[in-house]
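The block underneath contains the structure these notes are about, expressed in structure tokens.
The values are calculated or read from the model by the stated rules, or taken from the named source; none is laboratory data. Note that the structure is a prediction, hence the values are computed from the model and not measured. Glycine gets a Cβ as well: all are built from the backbone with ideal geometry, and neighbour counts include every protein chain shown.
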Amino acid sequence: MTEAPYVPLRPIPMKERSAIVFLQYGELDVLDSAFVLVDATGVRTQIPVGGLACLMLEPGTRTSHAAIALAARVGCLIVWVGEAGVRLYSAGQPGGARADKLLYQARCALDETARINVVREMYRRRFGEDAPSRRSIEQLRGIEGARVRETYKLLAQRHGVNWNVRNYDRNNWERADVANRALSASTACLYGLTEAAVLAVGYAPAIGFLHRGKPLSFVYDVADVYKFDTAAVAAFETAGRILKGKGDGSPVERQVRIACRDLFRRSGLLDKIIPGIEEMLKASGMDPPEDAPEASEPAIPADEAGGDDGHRG
């Protein structure tokens, strides 16, 4: 019997993938060359891991070494989240930061002029207008906070939601109103997808510009640029439908996830995030670093890579 020839993995570019899938109550594994979730009764659900940007694992899931290794090779981010997806505990790295892009990102973040240029570009993209001139980053942060509250009120009015304030208690989740629960769930979806994009193209989630000091600072920066057109819309649309008695009866969080999945796909969000990151950093005025002078060419040139910069394989 002739052995089948080895065919290297050629990951799908991130911008062409589906956004996110939530998994619960099963074991994630690779069986018979397929990426599967196996439930307690042994039923296998195949998952097209190479065509996904992010897998969200809720409580009740376990993973094998083979599953994590394959997800890393094809560039699918694995994120461990809380029940209903409203807490983010940990995440893998589908491709890891590239040294050249990480250095470029760090230079932009450490130079105060470059940093505020990037923040101003993020503001322009988020609100569709230039940021007020001669404002510090702290002042721009305050202006953004006021604009965010105003935008939430407008979205709530548009969809018939009685919106008071952004308020919820993670330790007493059920006490939060429908709109707050919907907004938390949709934001978690957006952050997971954005982190997958950031890692896939080789940047570091922790090196932020407007946000600082958190493991996902850059993820928050980038996600906030697109929140008003995606996650916030899905949240208030879903909350309005539920409050009018037009929901499907399932938990708020599940209805929001489905709305986010569909909206992310319709809007081509991944197709916008990846080039958007490059353009936002370019606004810093910094030139990307050149290859190190001591770098040498590989003895055996690698085949042309598939997928995005961060993919392994």
Checked D100, D111 against criteria (modelled with pLDDT of 95 or more and surrounded by 15 or more Cβ atoms within 10 Å (Cβ to Cβ)); the one match is D111
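Considering only residues of region 52-64 that are of a type outside the set (A, V, I, L, M, F, W, C) and either touching a helix residue (DSSP H, G or I) at 6+ places or on another chain (Cβ under 7 Å) or modelled with pLDDT under 90 (or both), which is farthest from I20 (Cα to Cα)? It would help to see each step written out before you state the result.
Keep residues of region 52-64 that are of a type outside the set (A, V, I, L, M, F, W, C), which gives 58-64.
Now drop any that are not either touching a helix residue (DSSP H, G or I) at 6+ places or on another chain (Cβ under 7 Å) or modelled with pLDDT under 90 (or both), which leaves 58-59.
On the way: E58: 13, P59: 17 Å.
The extreme case among them is P59.
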Kindly list, by first and then second residue, each pair from a residue in region 74-96 that is crowded, with 17+ Cβ neighbours inside 10 Å and modelled with pLDDT of 80 or more to a residue that is hydroxyl-bearing (S, T, Y) and not in a loop (DSSP other than H, G, I, E, B), limited to pairs with Cβ atoms under 6 Å and residues at least 6 apart or on different chains. W80/Y89; W80/S90
Exception for A146 within (1) at pLDDT below 95; (2) among the small types (G, A, S); (3) over 25 Å from R166 (Cα atoms) falls at (3)
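Listed here are the residues, each with its yes/no results for (1) under 17 Å from the mean Cα position of the chain (by Cα); (2) within 25 Å of V201 (Cα to Cα).
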residue: D39; (1), (2): no, no
residue: T45; (1), (2): no, no
residue: G50; (1), (2): yes, yes
residue: A53; (1), (2): yes, yes
residue: E58; (1), (2): yes, no
residue: H65; (1), (2): no, yes
residue: A71; (1), (2): yes, yes
residue: V74; (1), (2): yes, yes
residue: I78; (1), (2): yes, yes
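Is region 166-189 home to any residue that is touching a strand residue (DSSP E or B) at 6+ places or on another chain (Cβ under 8 Å) and crowded, with 21+ Cβ neighbours inside 10 Å?
From region 166-189, those touching a strand residue (DSSP E or B) at 6+ places or on another chain (Cβ under 8 Å) are 188-189; that's our starting set.
With the extra rule that they be crowded, with 21+ Cβ neighbours inside 10 Å, the set shrinks to 188-189.
Yes; the residues of region 166-189 include at least one that is touching a strand residue (DSSP E or B) at 6+ places or on another chain (Cβ under 8 Å) and crowded, with 21+ Cβ neighbours inside 10 Å.
Let's see how each residue does on (1) out of contact with any Phe, Trp or Tyr (no Cβ under 7 Å at 6 or more places or on another chain); (2) outside the structural domain of G268 (by TED's automatic domain parsing); (3) of a type outside the set (G, A, S); (4) closer than 26 Å to V21 by Cα:
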| position | (1), (2), (3), (4) |
| --- | --- |
| G160 | yes, no, no, no |
| N164 | yes, no, yes, no |
| N172 | yes, no, yes, yes |
| A176 | no, no, no, yes |
| S186 | yes, no, no, yes |
| C189 | yes, no, yes, yes |
| G202 | yes, no, no, yes |
| P205 | no, no, yes, yes |
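Against the condition surrounded by 21 or more Cβ atoms within 10 Å (Cβ to Cβ) and aliphatic (A, V, I, L, M), how does A206 come out, does it pass? Before you say what the answer is, go through the steps one by one.
Working: surrounded by 21 or more Cβ atoms within 10 Å (Cβ to Cβ): no; aliphatic (A, V, I, L, M): yes.
No.
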